Every structure is written in structure tokens, then in C-alpha cells.
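The values are calculated or read from the model by the stated rules, or taken from the named source; none is laboratory data. Nothing here was measured: the structure is a model prediction, and the numbers come from that model. Neighbour counts are summed over all protein chains in view; Cβ atoms, including those assigned to glycine, are modelled from backbone coordinates with ideal geometry.
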Ligand code: G3H
Ligand code: 13P
Ligand code: NA
Ligand code: ZN
């Protein structure tokens, strides 16, 4: 059954976390719905503008609709990740998305509020949940001085004002993670001091963590052994950090890169080991099988199993 994000967050707050999995291929949709149905695990399936343009929004939405029929017990929200106004318009008009993100985090505070507020009004008329972002998500680089570094993080002092004015239902914060395979390049890890301060200012308000892939070092090594050239200092969020973040109100964890790493490892090894094959469905089948295991492991860590 499809629901909106807010409904999922109400159950989860402080106790467990809803995985928000970025999908851009049918194999990923299958693996996600299948695992979630088996484990009675509520989830968010999310699509970026890039994914929508790759598959075509209609194709993508209809694959998700088909999955909901194939796996009728799955409980999920369909979310637009990193939306801008044109994609948000299209998502709202589709009648299929139950959740959207307006990413105005690169705008100054007041502009961010203004853009988010407009979306909140429109989306709420249709019972669609709205995620906003405050703070700039990026790797904290070694060469930045403290002042520059602090400017990238979400300022807890802005959070209460922002959510009240912007009318959003959840807030993505910059507390040390970044997108892609190279997080925590400054070696600082997740800023629990900021999470704690944010929760104190907006108790019970759902907080979202972007850039929350774990980046399995063994997978990176296998990619490189099969001809890849991924820097071996690739690093993600640890299992301990994820578990520790949940009581701070982290209700949604965004995961994209871990799925990509698995697919690239499988493809590279397959091509290297089967130079005589022409059937792309064979690595595809392997991907679906191994992705189910990866997703099941995420569910265990996030604690969202047996919650539908
Ligand atoms: O933030 C989301 C993803 O990591 C970026 O995905 O390449 O589909 O925009 P994208
Ligand atoms: P990762 O790159 O860590 O998977 O983050 C994904 C994300 O935040 C999507 O919005
Ligand atoms: Na999002
Ligand atoms: Zn993101």
C-alpha cells in the first residue's frame, strides 16, 4: 500500500528509521519491493530528476505502480528526491508521488524558505509530504578553515524558524555526510553535537540524513581488482553511527551509492569472468539477488522490519 512520508515518520520517530532508496533501474525496484514485502518493512522509494530523465518519468512511475501490484503487501511512499520546481510540478500532477523534496539548500535562508513554503502549500492540498533541506551537504575538506567549515553545516539556531516558516514536514540537515563514495574526507564523522542541538530546538520533528551510504571497502577492492580505478579512501557512514543517530530523530536515511557500487562490482566481475557471454540478463539476475541481501542488511540496521 502506498502512503505518504509523514505517516511513516510518525511510527518511526526516535525508534527506527525509514530507508529511502534511490532507484533508477527496474532491477532495483524489484529487489526493493521484494525484500520489503518479505520483511514487512516500510520504505521510501525515491527518484532524482536524473533518474526520471534516464527512464522517463512515466516509465519510472509505471514500474513502481507495477511493483506495488506484484508485491501487494509492501508499505511505501514514492518520493521525489532533490526536486526543483519543474520536477515537483510534474510529480504533484502525476497523482502518484506521495512525497517530494524541494532542494533549495544552495539559496540564502529567506529564499530557501520562500521556495519551500510555496511547495508546502501546494503539496499539502494533495496530502503529499514535503522534505526541505537546510545546510550545504558536501565533504568537509581538509583545506577549509573552521569558519568555512561551519558555514556548510546546518546551523541549529536556524532550524526552528525555518521549519515554522517553510511549513515542511521533514528536514534534511548537513551534519557531516556527503553524497557519493568519499564522505568524511576531513575525518570528522557524523556531528552528533549538531544532531542533539537540532533535536532540542525541534523535538519530534523528522530529520533526514542524505549521503548515508556505508561504502563497503571490500566491494571497492573487488571493483579495482576487476579493472576499476576507485580511490581506496572511499568511506561512508558506519553501522554504529546509523544506530546512534536514530534516537536523535533521524527518520529517513537516503541511500544511492551503495546500490551503484554493487552493480558496478557485479558488472565488472561478470564481464571479466565471462568474456564469451553476450547476455546482460545474467549479471542483472545476480544484481537483483545480491541487492536483496544488501537491502535486507540495511533494514536490519535501521530497525524497520516487522513494522507494516
Ligand atoms: O543525491 C542523490 C544521488 O546520490 C544523486 O543521484 O545522479 O540520480 O542525481 P543522481
Ligand atoms: P549516498 O550518495 O550516500 O548514497 O546518498 C544518497 C542521497 O543522499 C540521495 O539523496
Ligand atoms: Na530526499
Ligand atoms: Zn541527497
### Task
Sort out which residues of the stretch 180-209 are within 16 Å of ligand 3 (Cβ to nearest atom) and within 20 Å of residue 291 (Cα to Cα), and write them in order of number.
180
### Message
One residue is enough: does the stretch 22-30 have a residue meeting the conditions in contact with a strand residue (DSSP E or B) (Cβ under 6 Å, 6 or more places away or on another chain), within 16 Å of ligand 3 (Cβ to nearest atom) and in a strand (DSSP E or B)?
### Response
yes
### Single residue of 259, 293 found to be buried (at least 17 other Cβ atoms within 10 Å of the Cβ) and on the phi < 0 side of the Ramachandran plot
259
### Task
Test residue 25 against the criterion of being buried (at least 16 other Cβ atoms within 10 Å of the Cβ), under 21 Å from residue 174 (Cα atoms) and within 16 Å of ligand 2 (Cβ to nearest atom), and give yes or no.
no
### Query
When you go through 162, 205 one by one, which is the residue that is closer than 27 Å to residue 8 by Cα, away from ligand 1 (no atom under 16 Å from the Cβ), outside any helix (DSSP H, G or I) and modelled with pLDDT of 95 or more?
205
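Residues checked against (1) within 18 Å of residue 288 (Cβ to Cβ); (2) modelled with pLDDT of 95 or more; (3) crowded, with 17+ Cβ neighbours inside 10 Å; (4) in contact with a helix residue (DSSP H, G or I) (Cβ under 9 Å, 6 or more places away or on another chain):
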residue	(1), (2), (3), (4)
229	no, yes, no, yes
232	no, no, no, yes
235	no, no, yes, yes
247	no, yes, no, yes
250	no, yes, yes, yes
### Task
Determine whether residue 88 is assigned to a helix (DSSP H, G or I) and within 16 Å of ligand 4 (Cβ to nearest atom).
yes
